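What follows is a set of notes on a single structure, which appears directly below.
The values are calculated or read from the model by the stated rules, or taken from the named source; none is laboratory data. Just so it is clear, the structure is predicted and the values come from calculations on it, not from any experiment. So basically every Cβ, Gly included, is an ideal-geometry build from the backbone, and we count neighbours across all protein chains shown.
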Amino acid sequence: MKSLTAAQQHDLLSWQEKLADAKQEIDAALSTANEKIRTYNQVLAEAELWHNPIASAMDEYYDERSETWKEGDAGNEYENWKSAWESADFSTVDEVDTGSIDNPLAELTSEPGG
């Protein structure tokens, strides 16, 4: 084949446009998702600021108790409760990279050197 037929050239342009349009839709959706992720991460940071003093107060309370109390049922229950609070994970959510989707037909031409 020396070059694409007129119908194939038309189809190539059509597929290039369809893929470009679909990528634009994905980019818009990911942009919206990233806005939501940034909002979530902000709320998460605020929740962590609320959480940390409470977890610290629990730790202080526990440290002030006697060894007898710590080794008893009440101490064990409290330590489990405190551990759950201390292990709360405030890891942020990563944003989605919108540049990772390529159009495999974008650089194709209808003839050699074209």
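Name every residue in segment 66-114 that is touching a helix residue (DSSP H, G or I) at 6+ places or on another chain (Cβ under 7 Å) and among the hydroxyl-bearing types (S, T, Y), in order of residue number.
Within segment 66-114, Y78, T92, T98, S110 qualify.
Please determine, by comparing only the residues of segment 39-53 that are hydrophobic (A, V, I, L, M, F, W, C) and surrounded by 11 or more Cβ atoms within 10 Å (Cβ to Cβ), which one is nearest to S83 (Cα to Cα).
Within segment 39-53, the match that is nearest to S83 (Cα to Cα) is A47.
If you go through segment 20-34 one residue at a time, do you hit one that is within 17 Å of D89 (Cα to Cα), at pLDDT 95 or above and not polar (S, T, N, Q)?
Looking for residues that are within 17 Å of D89 (Cα to Cα), at pLDDT 95 or above and not polar (S, T, N, Q), one finds none in segment 20-34, hence no.
Kindly indicate whether any position in segment 4-17 is outside any helix (DSSP H, G or I), in contact (Cβ under 8 Å) with a residue 12 or more places away in the chain, surrounded by 12 or more Cβ atoms within 10 Å (Cβ to Cβ) and in contact with a Ser or Thr (Cβ under 7 Å, 6 or more places away or on another chain).
For segment 4-17, residues outside any helix (DSSP H, G or I), in contact (Cβ under 8 Å) with a residue 12 or more places away in the chain, surrounded by 12 or more Cβ atoms within 10 Å (Cβ to Cβ) and in contact with a Ser or Thr (Cβ under 7 Å, 6 or more places away or on another chain): present.
State which residue pairs qualify: first residue part of a loop (DSSP other than H, G, I, E, B) and inside segment 81-95, second residue at pLDDT 95 or above and of a type in the set (S, T, Y) in any location, beta carbons under 7 Å apart, and separation of 6 or more residues or different chains.
Pairs that qualify, where the first residue is part of a loop (DSSP other than H, G, I, E, B) and the partner is at pLDDT 95 or above and of a type in the set (S, T, Y), are V93/Y40.
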